[in-house]
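Structure first, commentary second.
The values are calculated or read from the model by the stated rules, or taken from the named source; none is laboratory data. These numbers were taken from a predicted model, which means no experiment stands behind them. Every residue, glycine as well, gets a Cβ built from its backbone with ideal geometry; the counts of neighbours run over all protein chains shown.
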Amino acid sequence: MAGEGAVYLPLIGRILVGAFFVFLSISHAINWRVRSDDLRARNILMPTLFLWVAIILYFICGFFFIFHFAMPSVVFILAIMLIIRALILGNFWSKKAVDQHTARIQFMTNIALLGAVLMAL
């Protein structure tokens, strides 16, 4: 039984992590106006372009992650995007006490995802 887990557990992990990025991209694409307005409110330059580049990269990298294709490149791209995402969305250090908890959770979630992505190498 232990031998079977060694085969299937990494596959299940890749499916879960890759599917997260695919669904994230779809969610952002469906709600792109709201997401773009949020980025604009955070003073991100060219928020619509920034968002659509992220949507496309998350979608492609999510599928590549699932199928274990071009993993060094996929991991590099996702790592950079997660670091940027953590710094933009999870900047809890600059929030008021009311918003600080939610921002800290977003930051920690992105860092945990970064760990999951890095383990795929």
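For segment 5-29, give me the residue count where each residue is among the hydroxyl-bearing types (Ser, Thr, Tyr) and surrounded by 12 or more Cβ atoms within 10 Å (Cβ to Cβ). Spell out how you get there, then give the answer.
Here is the first cut: in segment 5-29, the residues among the hydroxyl-bearing types (Ser, Thr, Tyr) are 8, 25, 27.
Applying the additional criterion that residues be surrounded by 12 or more Cβ atoms within 10 Å (Cβ to Cβ) yields 25, 27.
Of the residues in segment 5-29, 2 are among the hydroxyl-bearing types (Ser, Thr, Tyr) and surrounded by 12 or more Cβ atoms within 10 Å (Cβ to Cβ).
Within the option set Gly62, Gly13, being at pLDDT 95 or above and within 18 Å of Gly115 (Cα to Cα) holds for one residue only, Gly62.
A Cβ distance below 9 Å, combined with a sequence gap of six or more or placement on separate chains, defines the contacts here; from segment 102-114, residues that are under 13 Å from Ala79 (Cβ atoms) and touching a residue at least 24 places away in the same chain (Cβ under 8 Å) reach residues that are of a type in the set (Phe, Trp, Tyr) and part of a helix (DSSP H, G or I) in the pairs Leu113/Phe20; Leu113/Phe21.
Residues in segment 5-33 that are of a type in the set (S, T, N, Q) and in a helix (DSSP H, G or I) were compared, and the one that is nearest to Leu82 (Cα to Cα) is Ser25. Yes or no: Ile105 surrounded by 13 or more Cβ atoms within 10 Å (Cβ to Cβ) and under 15 Å from the mean Cα position of the chain (by Cα)? So Ile105 does not fit the description; no.
The residues of segment 34-56 that are assigned to a helix (DSSP H, G or I), over 19 Å from Leu82 (Cβ atoms) and not acidic (Asp, Glu), listed by number, are Val34, Ser36, Arg40, Ala41, Thr48, Leu49.
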